[in-house]
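A short write-up of the structure that comes next.
The values are calculated or read from the model by the stated rules, or taken from the named source; none is laboratory data. Quick caveat: nothing in here was measured; it's all calculated off a predicted structure. Because the Cβ atoms are built from the backbone with ideal geometry, glycine has one as well, and the counts that use them run over all protein chains shown. SASA here: full protein model, heavy atoms, side chains in, ligands and nucleic acids out. Shrake-Rupley method; radii C 1.70, N 1.55, O 1.52, S 1.80 Å.
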There are 2 protein chains.
Amino acid sequence: MKINKFKVHEKGLNRFFGPLEARIMDLLWEKEELSIKSVQTHLETDKAVSFNTVMTVMNRLADKGILNKRHVGRSFLYSPMLSREDFLNTQSKELTYELMDEFGSSVVVNHMLDALQNVDEGLVAKLEQKIKDWKKDR
Amino acid sequence: MKINKFKVHEKGLNRFFGPLEARIMDLLWEKEELSIKSVQTHLETDKAVSFNTVMTVMNRLADKGILNKRHVGRSFLYSPMLSREDFLNTQSKELTYELMDEFGSSVVVNHMLDALQNVDEGLVAKLEQKIKDWKKDR
DNA sequence: CACCTCACACTACACATTGTAGTGCAGGTG
DNA sequence: CACCTGCACTACAATGTGTAGTGTGAGGTG
């Protein structure tokens, strides 16, 4: 599972994948497991994509350990290695940790608090509760 | 100022720049303002780098709005648009905000608390204080 | 058995980013 | 005027992604 770059100015799956990759992952998370042919058919509702293009991209995703490739009869079925939730959770966790490691916990915490003030006041209460719970656990 | 990608598995400036770019930025943040020639000379203590290579990379950084290019006599002097501190602060802030926007504040806050438990217990106290201060300000 | 089709493999090219560097031009100096 | 120095322009390699053509092999059909 190798996601190397987080694209700051994209949104959603495009932060981790190229545009075609993102559409493929989105589809596979919805449908669970598909053949290349099925993926191509689904994608083609928007705009023609060559079967070979889809195959190349999906095999690259499989090489990177993001998709699972299962031999069934003459063909292969592909499915995401992780559920969408697990994937996003893994990524957000890794990124949060990397951020705190790179810039220092207190810097990140401060930015985070700034963001909370702007965006979500109720969360500060939850955060407070979390801290209380955490203290009890020690 | 366009930094598009945050490289998850690199460290320090290499998260934002290529290796040569990173060495150049590092040097410019240390020396404040330098000509291409000076940069090349400093870098060359490790290993030969062509003047033209340094120039190309520095001009690309200037095109991206990361370096300032000042005409002085026959030649140019380059300096970082932002101080190292401002740059890192901007980046960490932007990344923190993007993370919270992308994954949801509470997800990120939870990851953050996990990280704090593993890494830095004292910071939780600071966080608590921050929340107290923040409440007073409302 | 020869053939044909289908799904996959291999290969290649385009574009962007970064590292690398050659060639050329313009302006000041001996 | 010839030359040197510093910048501009151009080009090529490697990597990641999007795109697609051609090759190959396995199975079914006449």
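Couple of notes before you dig in:
- Positions within region B:28-54 being open to solvent by less than 20 Å² (accessible area, probe 1.4 Å), out of contact with any Pro (no Cβ under 9 Å at 6 or more places or on another chain) and more than 14 Å from DNA strand D (Cβ to nearest atom), in sequence order: B:43
- Among (1) within 14 Å of chain A (Cβ to nearest Cβ); (2) near DNA strand C (Cβ under 10 Å from one of its atoms); (3) touching a Leu at 6+ places or on another chain (Cβ under 8 Å); (4) not in a helix (DSSP H, G or I), the one test that residue B:6 misses: (2)
- Scanning region B:43-77 for residues that are over 19 Å from residue B:16 (Cα atoms) and in contact with a Ser or Thr (Cβ under 8 Å, 6 or more places away or on another chain) turns up B:70, B:75, B:76, B:77.
- Each residue in region B:41-58 was checked for being within 21 Å of the chain's Cα centre (by Cα) and at pLDDT below 90, and 2 of them qualify.
- Residue A:23 being open to solvent by less than 40 Å² (accessible area, probe 1.4 Å) and under 17 Å from the mean Cα position of the chain (by Cα): no
- Residues in region B:73-95 that are open to solvent by less than 60 Å² (accessible area, probe 1.4 Å) and not small (Gly, Ala, Ser): B:77, B:78, B:80, B:82, B:87, B:88, B:91, B:94, B:95.
- Residue check, residue A:64 within 14 Å of DNA strand D (Cβ to nearest atom), over 17 Å from the mean Cα position of the chain (by Cα), outside the structural domain of residue A:131 (by TED's automatic domain parsing) and of a type in the set (Lys, Arg): no
- Each residue in region A:21-78 was checked for being over 24 Å from residue A:3 (Cα atoms) and more than 9 Å from DNA strand C (Cβ to nearest atom), and 10 of them qualify.
- Annotation: residue B:79 fulfils all but one of (1) under 28 Å from residue A:97 (Cα atoms); (2) within 15 Å of the chain's Cα centre (by Cα); the unmet one is (1).
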